[in-house]
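Below: one structure, written as structure tokens.
The values are calculated or read from the model by the stated rules, or taken from the named source; none is laboratory data. These figures come from a predicted structure and were not determined experimentally. A quick note on method: Cβ atoms are made from the backbone with ideal geometry, for glycine too, and the neighbour counts reach across all protein chains shown.
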Amino acid sequence: MESAMPASWAPRMIVLLRISLAVVFVWFGALKVAGYNPVYDIVAASFPMFVTPTGNVLLGAIETIIGIALLFNIAPWVTHIALIAHLAGTFSVFAFAPGLMFDPFFPILSLSGEFVFKNIVLAMAGLVVLTHAHGKKLSTVASARHRAGAILK
């Protein structure tokens, strides 16, 4: 019995992965723009400039823009760089406030620690979407360079 996914499904799965990332970013961003920040303590510990009402809206707007850009596949390289930078920034709380991340001690993650640590999965999902979307373009460029090199030899 064949259990592998048909190859024709792969592009659809990448689109669904991109849309799911978009939903997460739009949802989390919209909450902040609306004045709700369920991760206030985490943000305060790592980026205190975002704990003002204006900073909260700015952070939410950035997340929402990333989400909308993901949803509509706008400027994928810029969008994914912003996504990775944003998610990488969330890990700074492990350095700035390890007491929030571990309970009672390392390596036991607190609820906040688990929330932040899962961002590694979101970051890798963003890289998968980006490399898949541009893999054909990149491989085409590499093939063209290879052919050009072969012709010049």
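Can you name the residue in segment 28-54 that is modelled with pLDDT of 95 or more and within 20 Å of F91 (Cα to Cα) and is also farthest from the chain's Cα centre (by Cα) among such residues?
If we take residues in segment 28-54 being modelled with pLDDT of 95 or more and within 20 Å of F91 (Cα to Cα), then K32 is farthest from the chain's Cα centre (by Cα).
Looking at segment 1-11, is at least one residue of a type outside the set (F, W, Y), at pLDDT below 95, under 14 Å from V129 (Cα atoms) and in contact with a helix residue (DSSP H, G or I) (Cβ under 9 Å, 6 or more places away or on another chain)?
Checked segment 1-11: at least one residue is of a type outside the set (F, W, Y), at pLDDT below 95, under 14 Å from V129 (Cα atoms) and in contact with a helix residue (DSSP H, G or I) (Cβ under 9 Å, 6 or more places away or on another chain).
If a residue must be at pLDDT below 95 and among the hydroxyl-bearing types (S, T, Y), how many such residues does segment 74-111 contain?
Residues flagged as at pLDDT below 95 and among the hydroxyl-bearing types (S, T, Y) within segment 74-111 amount to 2.
Can you tell me which residues in segment 45-58 are in a helix (DSSP H, G or I) and surrounded by 16 or more Cβ atoms within 10 Å (Cβ to Cβ)? Before the answer, list the steps.
Keep residues of segment 45-58 that are in a helix (DSSP H, G or I), which gives 45-46, 48-50, 53-58.
Across segment 45-58, the qualifying residues are A45, S46, F50, G55, N56, V57.
Can you tell me how many residues within segment 59-101 are assigned to a helix (DSSP H, G or I) and either free of Cβ contacts under 8 Å to residues at least 40 places away in the same chain or small (G, A, S) (or both)? Quick ask: steps written out before the conclusion?
We begin by selecting, within segment 59-101, every residue assigned to a helix (DSSP H, G or I); these are 59-71, 76-90, 92-96, 98-101.
Now narrow it down to the ones that are either free of Cβ contacts under 8 Å to residues at least 40 places away in the same chain or small (G, A, S) (or both): 59-65, 67, 69, 78-79, 81-82, 85-89, 92, 94-95, 98-99, 101.
Summing the residues that are assigned to a helix (DSSP H, G or I) and either free of Cβ contacts under 8 Å to residues at least 40 places away in the same chain or small (G, A, S) (or both) in segment 59-101 gives 24.
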